[in-house]
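The values are calculated or read from the model by the stated rules, or taken from the named source; none is laboratory data. Nothing here was measured: the structure is a model prediction, and the numbers come from that model. Here the Cβ is made from the backbone with ideal geometry for all residues, glycine too, and neighbour counts use every protein chain on show.
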Amino acid sequence: MIIDFHTHIFPPVVKERREEFLDDPLFRLLYSSNDAKIITAEELISSMDQNGIEKSVTFGFPWKDKERYRMHNDYIIESVNRFSERICGFCCFYPDKNVEKEVERCLNEGLKGVGEIGFYDSDITPEIRDSLKGIMEICRERDFPFLLHTNEPVGHRYPGKSPMTLSGLYNFLRAYPENKIVLAHWGGGIFFYGLMKKEVKEVLKNVWFDTAASPYLYKKDVYTIASYIVGADRILFGSDYPLISPSRYFKEMEEAGISSEEVEKITSKNALRLLKWGR
């Protein structure tokens, strides 16, 4: 079994009339170019079949407009109901007042986590960190994961790379030590500090790292190094599809030389355990 922990789908109306949604600054940042692919649930299922993926975690987009993120969450709920054996959905939004009601609504409708939450135009400031308190409490009480967009604070620029600092991210993790948190895109490299002798290992105890966009960002050795530092049982295969085909990740894992047992953890066992899928 292979589980893809990081995919994106959009309602058909967004795919068909992309230009009408470009007034949202975050959507414009990532999807203004027609080269930025937008897919529907049916297209995700088709890709899964082609790549031998049995199940996928999928989510929407953190629209700043409340009606848009509600519409997108409704589409995720509908897609989960249609493809319940193949898709696990997360609730997505841009935090605003009373967003906890939206989270409760989505989780009550069958979604199994929150994410991918992204602050593409800001660091994780103390104000943002504190604004998530109610949402993190809901996730903690339900034992559901919270998936956060992260990126490395150095290196080349690309659409969606936020002005994130590792200190802002670290302080966020420190604020919610009992939450199950998944950091997208290898956590911006913060896993490296798991080598430190004091404090960091404890802060990272409930943190997982997904591989989304890894072929764009890191050498294949990242699988070996991250497995050594935080353990293969804390890594989740995520393709960020339709950004990158899943086959590229499988090729890089093979070339990295990690064991078949580690590959199985990364591509299925860790996700099954985290999501409690099938229970």
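So the values come out like this:
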| quantity | calculated |
| --- | --- |
| Matching residues in segment 125-154 - criterion: being among the aliphatic types (A, V, I, L, M), in a loop (DSSP other than H, G, I, E, B) and buried (at least 18 other Cβ atoms within 10 Å of the Cβ) | Leu132 |
| Residues within segment 57-91 that are more than 17 Å from Lys15 (Cα to Cα) and either assigned to a loop (DSSP other than H, G, I, E, B) or in contact (Cβ under 8 Å) with a residue 60 or more places away in the chain (or both), tallied | 9 |
| All positions within segment 1-41 that are within 17 Å of Ser239 (Cβ to Cβ) and either polar (S, T, N, Q) or surrounded by fewer than 16 Cβ atoms within 10 Å (Cβ to Cβ) (or both) | Met1, Thr7, Ala36, Lys37, Thr40 |
| Failed item, numbered, when Lys161 is tested on (1) within 26 Å of Ser33 (Cα to Cα); (2) within 15 Å of the chain's Cα centre (by Cα); (3) buried (at least 20 other Cβ atoms within 10 Å of the Cβ) | (3) |
| Inter-residue pairs, beta-carbon under 6 Å, first under 17 Å from Tyr69 (Cα atoms) and of a type in the set (S, T, N, Q) and in segment 23-40, second outside any loop (DSSP other than H, G, I, E, B) and at pLDDT 95 or above, 6+ apart | Thr40/Pro12 |
| Tabulated pairs, segment 206-219, first farther than 14 Å from Ile266 by Cα, second of a type in the set (Ser, Thr, Tyr) and surrounded by 18 or more Cβ atoms within 10 Å (Cβ to Cβ), C-beta under 7 angstrom, 6+ apart or interchain | Pro215/Tyr249 |
| Among the residues listed as Glu178, Glu102, the single one being surrounded by 17 or more Cβ atoms within 10 Å (Cβ to Cβ) and over 15 Å from the mean Cα position of the chain (by Cα) | Glu102 |
| Pick from segment 210-234, criterion among the small types (Gly, Ala, Ser) and out of contact with any strand residue (DSSP E or B) (no Cβ under 8 Å at 6 or more places or on another chain), ranking: surrounded by the most Cβ atoms within 10 Å (Cβ to Cβ) | Ser214 |
| Identity of the residue in segment 92-146, in contact (Cβ under 8 Å) with a residue 40 or more places away in the chain and polar (S, T, N, Q), that ends up nearest to Met164 (Cα to Cα) | Ser122 |
| Hits in segment 185-209 - residues which are of a type in the set (Phe, Trp, Tyr), out of contact with any Phe, Trp or Tyr (no Cβ under 6 Å at 6 or more places or on another chain) and buried (at least 20 other Cβ atoms within 10 Å of the Cβ) | Trp208 |
